[in-house]
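Trainee: Before I ask anything, here is the structure I am working with.
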Amino acid sequence: MSNGDLAENLSVEQLASRVGMTVRTVRFYAGRGLIPAPRREGRHVFYGPDHIARLELVRELQAHGFTLAAIEGYLEKIPEDASPAQVALHRTLLAPWMPELPETLTRAQLVKRAGRELSDDDLDLLVALGIVEPTPTEDVFSVASAHLGVGVGLLEIGMPLEAAHEARRIFTDHGQQIAHDLTELFRTSVWPKMKESGQTEGATAIIERFKPLTIAALVTAYEQAVDEMKRETIRRRR
């Protein structure tokens, strides 16, 4: 029996071991519909590459702080008939584009890192900006440390809470659209060419090299748009 045959005929215990989860967790995700139903042969059920690919994607999303509801929403957008390779492509596209993994800090550690006292209102603003997220444990937070300095700066200039909520909505809406468009560009224009040439193993490297270019392009486009708005304002005043 080949390795391919083995991958097509995994028990739930073998599947759990393969993806680094417990059997209980795999069954929980199956019950939530995050993976398709297993193949049945009499009293036995078997899992295959499709289940492996989807559970590995779930694990990747979890590692980046996605909630269960967010994971379910993400997987709902992947067609049920997507091949394991297509599901794996989502992992390839996801990982290099995500920001650094969040840190878990107590309130005291967060205050020390911020370099100033943080009132409940201050924390509300940081949460609204998406820099700090509460956890189930009281006074313990998930923190995007790379952005904490920006958040503290906004606290110091007195940014209104309502404005922070609206700014996050704007960033999220436009960010999701850009991510969707770039993912589709890669899926339809780059990935097929890589498959034809047998170079799919280099997908992650290509995306990693493309990332800084994209960030620079977004910053430049934003700066140009702001400058154009300034020029338009001056023209109107004249």
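Trainee: Quick test for you: out of L75, L94, L129, pick the one residue that is at pLDDT below 85 and of a type outside the set (D, E).
Mentor: Testing whether each residue is at pLDDT below 85 and of a type outside the set (D, E) leaves just L94.
Trainee: Something else: Can you pull out the strands (runs of 3 or more DSSP E) entirely within segment 101-157 that have at least 1 residues that are in contact with a Phe, Trp or Tyr (Cβ under 9 Å, 6 or more places away or on another chain) and surrounded by 13 or more Cβ atoms within 10 Å (Cβ to Cβ)? Let's see the steps before the verdict.
Mentor: Details: elements: 103-106, 132-134, 140-143.
Here the list reads 103-106, 132-134.
Trainee: Scan R40, R54 and give me the residue that is among the basic types (K, R), surrounded by 19 or more Cβ atoms within 10 Å (Cβ to Cβ) and not assigned by TED's automatic domain parsing to the domain that holds V143. Working first, answer last.
Mentor: On the way: R40 fails: surrounded by 19 or more Cβ atoms within 10 Å (Cβ to Cβ).
Exactly one residue qualifies, and that residue is R54.
Trainee: Can you find a residue in segment 230-237 that is closer than 30 Å to G115 by Cα and part of a helix (DSSP H, G or I)?
Mentor: Checked segment 230-237: no residue is closer than 30 Å to G115 by Cα and part of a helix (DSSP H, G or I).
Trainee: Taking segment 168-187 only, how many residues are within 11 Å of T214 (Cβ to Cβ) and either small (G, A, S) or outside any helix (DSSP H, G or I) (or both)?
Mentor: 1
The values are calculated or read from the model by the stated rules, or taken from the named source; none is laboratory data. None of the values given here were measured: they were computed from a predicted structure. Glycine also receives a Cβ, built like all others from the backbone with ideal geometry; neighbour counts cover every protein chain displayed.
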